[in-house]
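The values are calculated or read from the model by the stated rules, or taken from the named source; none is laboratory data. On a predicted model such as this, the values are computed, not experimentally measured, just so you know. In this analysis, Cβ positions are derived from the backbone assuming ideal geometry, glycine residues included, and neighbour counts consider all displayed protein chains. Only protein heavy atoms, including side chains, enter the accessible area calculation; ligands, DNA and RNA are left aside. Shrake-Rupley method; radii C 1.70, N 1.55, O 1.52, S 1.80 Å.
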Amino acid sequence: VLADGTRLPAGAVVVGIGARPATAWLAGSGIALGPHGDVLADAHLRTSAADVYAVGDCASFPSARYGERLLVHHWDNALQGPRTVAANILGETPAVYDPVPYFWSEQFGRFVQYAGHHAAADATVWRGDPTGPSWSVCWLRENRLVALLAVGRPRDLAQGRRLIEAGRLMDPQAMSDPARPLKDATVD
């Protein structure tokens, strides 16, 4: 039942409640916060306060790969960011943080993995039957893989993540064949 009283028939309902960074304690600190309470970090994960960095699911960062600021709510993000911060604190060549976002979950005995960010995708390619036990869906932008959701197909996820990182051109027709490895659907 919707807020206006409308009833929608459904066999199942999935509710995504989302997440919000617990950053209210930073009010007045000089550290800029975004509209969702996220700590606004730059491409090197520096905050607006000198010598202060932010990582994890409280920090958003500008992604050159996706052309927008990302706020990633998954522990994989918290594992990746500290490497960039450590390199920047140690004074090595300035390290830029622009990972391919990733998450996984196990749902009803199925291993579900997602890599990328599909908000600006302009095409969708299915690999396999989504009513079956294993399948993938790929999102492309200008024939480059930008995101992938794999259910029971870990090889698709591993290859897809590398293809997203590399920004390789893909052949959508070849990608649609679930028997063909994703890495073999690139265009040279």
Subject >> Top-ranked residue in the range 162-188 [being open to solvent by 20 Å² or more (accessible area, probe 1.4 Å) and in a helix (DSSP H, G or I); ranked as nearest to Q113 (Cα to Cα)] >> reply: R162
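Let's see how each residue does on (1) modelled with pLDDT under 90; (2) charged (D, E, K, R):
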position	(1), (2)
G16	yes, no
R20	yes, yes
S29	no, no
P35	no, no
A50	no, no
Original post:
What residue, among those in the range 115-132 that are more than 17 Å from G167 (Cα to Cα) and in a strand (DSSP E or B), is most open to solvent (accessible area, probe 1.4 Å)?
Top reply: W126
**OP:** Would you check if N88 is crowded, with 16+ Cβ neighbours inside 10 Å, over 21 Å from the mean Cα position of the chain (by Cα), in a helix (DSSP H, G or I) and in contact (Cβ under 8 Å) with a residue 24 or more places away in the chain?
**Re:** yes
Original post:
If only one of R83, R69, R65 is modelled with pLDDT of 90 or more, part of a helix (DSSP H, G or I) and among the charged types (D, E, K, R), which one is it?
Top reply: R83
**OP:** Could you run through the range 63-113 and say how many residues are within 19 Å of R46 (Cα to Cα), touching a strand residue (DSSP E or B) at 6+ places or on another chain (Cβ under 6 Å) and basic (K, R)?
**Re:** 1
Original post:
Which of (1) over 14 Å from the mean Cα position of the chain (by Cα); (2) at pLDDT 95 or above; (3) part of a strand (DSSP E or B) does Q159 not meet, given it meets every other one?
Top reply: (3)
Subject >> Filter pass, I31 being assigned to a loop (DSSP other than H, G, I, E, B) and farther than 28 Å from I164 by Cβ >> reply: yes
**OP:** Considering each of G5, G30, G56 in turn, give the residue that is at positive phi, surrounded by 10 or more Cβ atoms within 10 Å (Cβ to Cβ) and over 17 Å from the mean Cα position of the chain (by Cα).
**Re:** G30
